[in-house]
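Student: For reference, the structure I am asking about is given below.
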Amino acid sequence: MARKRKRKSRRRQEGRKILELVPHYNIESGNDKPVTAARKYIASLGIAPPALLVVRRNEHTTDRYFWAEKGLFGAQYVEENHFLFPSLQSLEIKEQDKKKTVAVTSSR
């Protein structure tokens, strides 16, 4: 029997595209838990939101966190609910403006 393909959420795909526009930071968790390592890294560098932190737990596992004005969130939650974050809405508007200008210049 053929396996049914998993449905991809359009809202999550859109959120993933928006998160690609945000600065990414790759760090190792070391002996700390991944969330603690991310918080310490943000505090030490004074990273301004929005930012995406990819924390490597071990050679096989990574955790992704989104640093927003409201705090630190799991990246999957932010992908699904990107419309709740004002900093991502401004990025989304800029991305739409770029698409419009490209469409205008290519039609001439």
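Student: List pairs: first residue in segment 1-17 and in contact (Cβ under 8 Å) with a residue 12 or more places away in the chain, second residue in a loop (DSSP other than H, G, I, E, B) anywhere in the structure, Cβ distance under 9 angstrom, at least six positions apart or on different chains.
Tutor: Matching pairs, first to second residue: 11/81; 15/9; 15/81.
Student: As an exercise: evaluate residue 14 against (1) closer than 21 Å to residue 89 by Cβ; (2) outside any helix (DSSP H, G or I) and give the number of the one condition it does not meet.
Tutor: (2)
Student: Against the definition (part of a strand (DSSP E or B) and surrounded by fewer than 12 Cβ atoms within 10 Å (Cβ to Cβ)), how does residue 26 come out, yes or no?
Tutor: Here the answer is yes, as residue 26 does meet what is asked.
Student: Of all residues in segment 49-73, which are under 16 Å from the mean Cα position of the chain (by Cα) and open to solvent by 70 Å² or more (accessible area, probe 1.4 Å)?
Tutor: Scanning segment 49-73 gives 56, 62, 64, 69, 70.
Student: So, one more: Output the number of residues of segment 1-23 satisfying the condition of being small (Gly, Ala, Ser) and open to solvent by 60 Å² or more (accessible area, probe 1.4 Å).
Tutor: Of the residues in that region, 1 qualify.
Student: Another question, if that's okay. Can you tell me which residues in segment 36-87 are among the acidic types (Asp, Glu) and either in contact (Cβ under 8 Å) with a residue 12 or more places away in the chain or closer than 12 Å to residue 19 by Cα (or both)? Talk me through it step by step, then tell me what you get.
Tutor: Of the residues in segment 36-87, the ones among the acidic types (Asp, Glu) are 59, 63, 69, 79-80.
Within segment 36-87, 63, 69, 79, 80 meet the criteria.
The values are calculated or read from the model by the stated rules, or taken from the named source; none is laboratory data. Predicted, not measured: the structure shown is a model, and the values here were computed from it. Heads up, the Cβs are rebuilt from the backbone with ideal geometry, glycines too, and the neighbour counts pull from every protein chain shown. Quick note on the areas: whole protein, heavy atoms, side chains included, nothing else; ligands and nucleic acids left out. Shrake-Rupley method; radii C 1.70, N 1.55, O 1.52, S 1.80 Å.
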